[in-house]
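Here the structure comes first, spelled out in structure tokens, and everything after it is commentary.
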Amino acid sequence: MARIISGITSTGKLTLGNYLGAINNFLKLQEKHELLIFVANLHGLTLPIKAQALKENIRDIAAWYFAAGIMPNKTHIFIQSDVLAHTQLGYVLLCNSYVGELERMTQYKDKSQKMTNQNKTISIPTGILAYPTLMAADILLYDADFVPVGIDQTQHLELTKTLATRMNNTYKTQLFKVPKIIVDQQAQKIMSLQDPTKKMSKSDDNLKNTIFLSDNKQEVTDKITKAVTDSENIIKFDPQRKPGVSNLLTIYASITNKNIKTCEQYFSNHNYGFLKKEVIKVINNLLEPMQKKQQALINEKLSQLVEYLQQGAAFANKIATKKLNFVENIIGINFIEKEK
Ligand code: TYM
């Protein structure tokens, strides 16, 4: 059975982009594969965040996974920092990476550009530069076959493959399996509602750009009603010329599990008002039951949630510790070999 690993960073509240680009894929994959899914809380430290907000984000993301339908008896869900080997291997990979290749990461470039202080000095946290090496460790510790992500993460995954191959070659040993990337063709990049040329993101300052999984019916209605379209009033999938309408079509198609062509035909004789109403309907139908389950886990079944996460961490720890010991023995960190 193929092993699959993926995670979501606890920098903010989960968005519809996270659901359609990542979680929805996990749900499909859990039927036939061994899945390990984690809350990337160490990655959540790479940008300044208040302790209370971080705690809530971690708890909420864990609860969303289960509320969305990830089954604790099939999939292993854990919190990244509960498996210490992530940080340890992250450091080893950091030492096998080059500053230049980390500086070339587009997410690093984007984030570091926003780090100008009020007095015009620039303070770029080192964590955002080192981030992809920790991400590589998250994956390589488990000899994962596949990593399902949205398209924005593919550059980090290419680096993961480079680091794995580099270390395998340096030490002339198959230290790591080189993973393959899985990207959902349709929902690989859900776009911002007000600026559909950029990604819908959980850290966007303009809340109107983003549907959060926690949004209520009215918030969804307001945001989709005000979503940017164009003046043509023709419902057609054309991301270059019609990014707003194409994004709404993508959201509709992904939630209803239909292909874009079928949806285009369905909407062909309708106007944008109708498209938006239908999109609002399917989003609310998706979110409402999920929100009830997520709230129940947090408010009534928190100990159950914690137990699932402990079980997930115990499972992950076994695999990760074995791999870390193996790597450390090969690279010479231990003068007496650790248990394999
Ligand atoms: P993060 O937390 O930014 O996003 C989590 C997952 O959601 C996908 N995603 C989207 N997909 C489609 N449209 C969007 N608008 C959208 N926004 C986000 C992301 O591609 C991702 O799959 N570095 C990662 C977390 C991570 C990770 C890992 C992932 C840490 N270690 C190891 C895989 C394997 C991140 O920040 O994702």
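The values are calculated or read from the model by the stated rules, or taken from the named source; none is laboratory data. Because the structure is predicted, anything quoted here is derived from the model rather than measured. Cβ atoms come from the backbone with ideal geometry, glycine included; neighbour counts cover every protein chain shown. SASA here: full protein model, heavy atoms, side chains in, ligands and nucleic acids out. Shrake-Rupley method; radii C 1.70, N 1.55, O 1.52, S 1.80 Å.
When the stretch 1-13 is limited to residues that are within 8 Å of the ligand (Cβ to nearest atom) and of a type outside the set (S, T, N, Q), the one that is most open to solvent (accessible area, probe 1.4 Å) turns out to be GLY7. Residue count for the stretch 200-215, restricted to those that are open to solvent by less than 80 Å² (accessible area, probe 1.4 Å) and either in the same structural domain as ILE283 (by TED's automatic domain parsing) or more than 19 Å from PHE26 (Cβ to Cβ) (or both): 11. When every residue of the stretch 200-222 is checked against the conditions, none turns out to be among the basic types (Lys, Arg), within 14 Å of the ligand (Cβ to nearest atom) and not in a loop (DSSP other than H, G, I, E, B). Checking each residue of the stretch 94-109 against the condition of being within 22 Å of LYS292 (Cα to Cα), among the aliphatic types (A, V, I, L, M), open to solvent by less than 60 Å² (accessible area, probe 1.4 Å) and free of Cβ contacts under 8 Å to residues at least 60 places away in the same chain gives no match. Residues of the stretch 229-244 include none that is within 16 Å of the ligand (Cβ to nearest atom), among the hydrophobic types (A, V, I, L, M, F, W, C) and free of Cβ contacts under 8 Å to residues at least 24 places away in the same chain. If you go through the stretch 148-163 and keep only what is in contact with a Leu (Cβ under 9 Å, 6 or more places away or on another chain) and either open to solvent by 30 Å² or more (accessible area, probe 1.4 Å) or farther than 23 Å from LEU27 by Cα (or both), you end up with LEU159, THR160, LEU163.
Sub-8 Å Cβ pairs linking a first residue in the stretch 138-160 that is in the same structural domain as LEU89 (by TED's automatic domain parsing) and under 18 Å from THR321 (Cα atoms) to a second residue that is of a type in the set (A, V, I, L, M, F, W, C) and near the ligand (Cβ under 8 Å from one of its atoms), at least 6 apart or interchain, are ASP138/ILE5; ASP138/PHE38; ASP138/ALA40; ILE139/ILE5; ILE139/VAL147; ILE139/LEU157; TYR142/ILE5; ALA144/ILE5, ordered by first then second residue.
As a summary of the residue check, LYS28 satisfies the conditions (1) open to solvent by less than 40 Å² (accessible area, probe 1.4 Å); (2) under 16 Å from the mean Cα position of the chain (by Cα); (3) closer than 25 Å to ASP143 by Cα except for the one numbered (1). Among helices (runs of 4 or more DSSP H) entirely within the stretch 31-122, having at least 2 residues that are away from the ligand (no atom under 12 Å from the Cβ) and either modelled with pLDDT under 95 or under 18 Å from the mean Cα position of the chain (by Cα) (or both) singles out 51-68, 106-113.
Residues in the stretch 238-281 that are under 22 Å from the mean Cα position of the chain (by Cα) and either among the β-branched types (Val, Ile, Thr) or over 22 Å from THR210 (Cβ atoms) (or both): THR250, ILE251, ILE255, THR256, ASN257.
If the condition is being under 19 Å from ASN206 (Cα atoms) and in contact with a Phe, Trp or Tyr (Cβ under 6 Å, 6 or more places away or on another chain), then the stretch 216-268 contributes only THR229.
Among the residues of the stretch 261-272, are any touching a helix residue (DSSP H, G or I) at 6+ places or on another chain (Cβ under 6 Å) and more than 16 Å from the ligand (Cβ to nearest atom)? For the stretch 261-272, residues touching a helix residue (DSSP H, G or I) at 6+ places or on another chain (Cβ under 6 Å) and more than 16 Å from the ligand (Cβ to nearest atom): present. With respect to (1) closer than 30 Å to LYS28 by Cβ; (2) touching a Lys or Arg at 6+ places or on another chain (Cβ under 9 Å), the lone exception for ILE124 is condition (1).
Can you find a residue that is of a type outside the set (Lys, Arg) and over 27 Å from ASN259 (Cβ atoms) anywhere in the stretch 181-188? Within the stretch 181-188, not a single residue is of a type outside the set (Lys, Arg) and over 27 Å from ASN259 (Cβ atoms).
For the stretch 164-192, a residue qualifies if it is crowded, with 19+ Cβ neighbours inside 10 Å and farther than 30 Å from LEU248 by Cα, and the qualifying residues are ALA164, MET167, LEU175, PHE176, PRO179.
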